[in-house]
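Here's the structure we're looking at; comments come further down.
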Amino acid sequence: MSDESKPPDRPSLIERLSYPPSEKHEADRHSVVLLLSRKTVARAARLAVPVLPYATALGVTFAQLRRHRFARMGALLVALIAMVGLFAELLAGERPLICNYDSHIYILPALSKKSSPFQSTVEYEAKRSPSDWAVFPLVRHAPETEDHAAAFLPPMRGDHVLGTDGQGRDVFARLVFGARTAFTAGFVGMLAFAIIGVVLGATAGFFGGLVDAFVTRLIEVLSAVPSLVLVLVVQALLPQASTYTLVFAIVLTRWTEVARLVRVEVHKVIGQDYVLAARALGVSEWRILRRHVMPNAIAPAIVAGTFGIATIVLIESSLGFLRVGLPKDTASWGEMLSQGRLRFDAWWLMAFPGLCVFLTVASLNLVGEALRDALDPRLRDAAASHDREPKRSS
């Protein structure tokens, strides 16, 4: 067969897409694109690849957290305990929530002693007129009010729902205000040491040299001593103990973990191609650190901050158990556990605060593990592939 009688070769896909625009060639172009799209969708459906409709990494992270059942349960429990501590005066206290006294209506006087027309239930009963009325919290006992005649009352005895301690103070009121003490120290301390750790770790990892050497040696020195011992030393050097001095002592000793993690992540990120391209374009070092390095190195700090709250709650409870670091009248779960240690027959002093500490720490650890899995692409892809695997029938 001669060359003239041979049928013309069919143009390849690249040649068909590179034709000059015309009606015929434009129709071929659309048909090829449609064919490729159908093949892509069919292959994705065959492989059961999930298509995430989230445009940002933050959206992917929240999607992973929503699919984590135990993380949802832990987050809800942490939020519940935090809300209990935040609105502690609405649950336990001697001052009313709203009252009509001497022809005036007072709203939420329980939140401030200055705005309260009376300071206790006894004073209200003595001064009220028949036309006065008041709405009190769920438990009408303040956490610091002592009644030695009602010491070590078991639960559901009188108007004490969860019993009393050795000084006759209501256990429910001290549990509620103890949640405020624990979460105030936990969240404030976490924010403070996370900021310090991120700044020092990122600066050391990005600039290196003497700055890196100084920060690294400082991290090694502080990490060599147990955190509880350092907190006790710092508390002993301060003139007066309070919740804020406790937070200050914890921050000085806990920032090292965040700084170490961020420093390592920054070392990994600065060798990436997009950082080298930004430097080649003449972008300033501070802009590279702020716009390109930190958003990709901040994930370990978020996870460490979540676990750090649980650690601070344990440290605060340990100091309360040793009865150091906090003022005498401050409600603390650890102080209640210390009283239960002296009286084994008062089981409620060990059971209720111990359960609060356990649930808080366990819930925070569940949320931290879920955040770690969601923010780490390798763990996230492993979890996704595990979910896609068909379950074997037994």
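The values are calculated or read from the model by the stated rules, or taken from the named source; none is laboratory data. This is a predicted model, so every value here is computed, not measured. In this analysis, Cβ positions are derived from the backbone assuming ideal geometry, glycine residues included, and neighbour counts consider all displayed protein chains.
Taken over region 149-177, the residue count meeting the criterion of being polar (S, T, N, Q) and outside any loop (DSSP other than H, G, I, E, B) is 1.
Residue selection: residue 305 satisfies the criterion of being buried (at least 21 other Cβ atoms within 10 Å of the Cβ), at pLDDT 80 or above, touching a helix residue (DSSP H, G or I) at 6+ places or on another chain (Cβ under 6 Å) and more than 27 Å from residue 239 (Cβ to Cβ). Quick one: is residue 344 within 26 Å of the chain's Cα centre (by Cα), free of Cβ contacts under 8 Å to residues at least 40 places away in the same chain and farther than 27 Å from residue 72 by Cα? Criteria not met by residue 344.
With the structure loaded, tell me whether residue 363 is more than 29 Å from residue 157 (Cα to Cα) and either modelled with pLDDT under 85 or in the same structural domain as residue 197 (by TED's automatic domain parsing) (or both) or whether it fails that test. Explain how you work it out, then say what you get.
On the way: more than 29 Å from residue 157 (Cα to Cα): yes; either modelled with pLDDT under 85 or in the same structural domain as residue 197 (by TED's automatic domain parsing) (or both): yes.
Spelling it out, residue 363 is indeed more than 29 Å from residue 157 (Cα to Cα) and either modelled with pLDDT under 85 or in the same structural domain as residue 197 (by TED's automatic domain parsing) (or both).
Search region 154-197 for residues being over 16 Å from the mean Cα position of the chain (by Cα) and among the aliphatic types (A, V, I, L, M), and hand back the single one that is farthest from residue 222 (Cα to Cα). If we take residues in region 154-197 being over 16 Å from the mean Cα position of the chain (by Cα) and among the aliphatic types (A, V, I, L, M), then 156 is farthest from residue 222 (Cα to Cα).
Residues that are surrounded by 15 or more Cβ atoms within 10 Å (Cβ to Cβ), under 22 Å from residue 357 (Cβ atoms) and either hydrophobic (A, V, I, L, M, F, W, C) or outside the structural domain of residue 131 (by TED's automatic domain parsing) (or both): does region 93-111 have at least one? Within region 93-111, none of the residues are surrounded by 15 or more Cβ atoms within 10 Å (Cβ to Cβ), under 22 Å from residue 357 (Cβ atoms) and either hydrophobic (A, V, I, L, M, F, W, C) or outside the structural domain of residue 131 (by TED's automatic domain parsing) (or both). None of 177, 187, 183, 193 is closer than 12 Å to residue 254 by Cα, in the same structural domain as residue 343 (by TED's automatic domain parsing) and either in contact with a Phe, Trp or Tyr (Cβ under 7 Å, 6 or more places away or on another chain) or touching a residue at least 60 places away in the same chain (Cβ under 8 Å) (or both) except 193. Are any of the residues in region 211-228 of a type in the set (A, V, I, L, M, F, W, C), closer than 11 Å to residue 315 by Cβ and out of contact with any Phe, Trp or Tyr (no Cβ under 7 Å at 6 or more places or on another chain)? Yes - at least one qualifying residue is present in region 211-228.
Residue under question is residue 367, and the condition is that it be crowded, with 20+ Cβ neighbours inside 10 Å, more than 13 Å from residue 174 (Cα to Cα) and β-branched (Val, Ile, Thr); does it hold?
The answer is yes for residue 367.
Taking region 326-345 as the range and being of a type outside the set (D, E, K, R) and either surrounded by fewer than 22 Cβ atoms within 10 Å (Cβ to Cβ) or in a helix (DSSP H, G or I) (or both) as the test, the residues that pass are 327, 330, 333, 334, 336, 337, 338, 339, 340, 342, 344. With respect to the conditions (1) surrounded by fewer than 18 Cβ atoms within 10 Å (Cβ to Cβ); (2) of a type in the set (A, V, I, L, M); (3) over 30 Å from residue 84 (Cα atoms), residue 196 falls short on a single one, namely (3).
Per the conditions (1) farther than 30 Å from residue 317 by Cβ; (2) outside any helix (DSSP H, G or I); (3) of a type in the set (Asp, Glu), the sole criterion not satisfied by residue 146 is (1).
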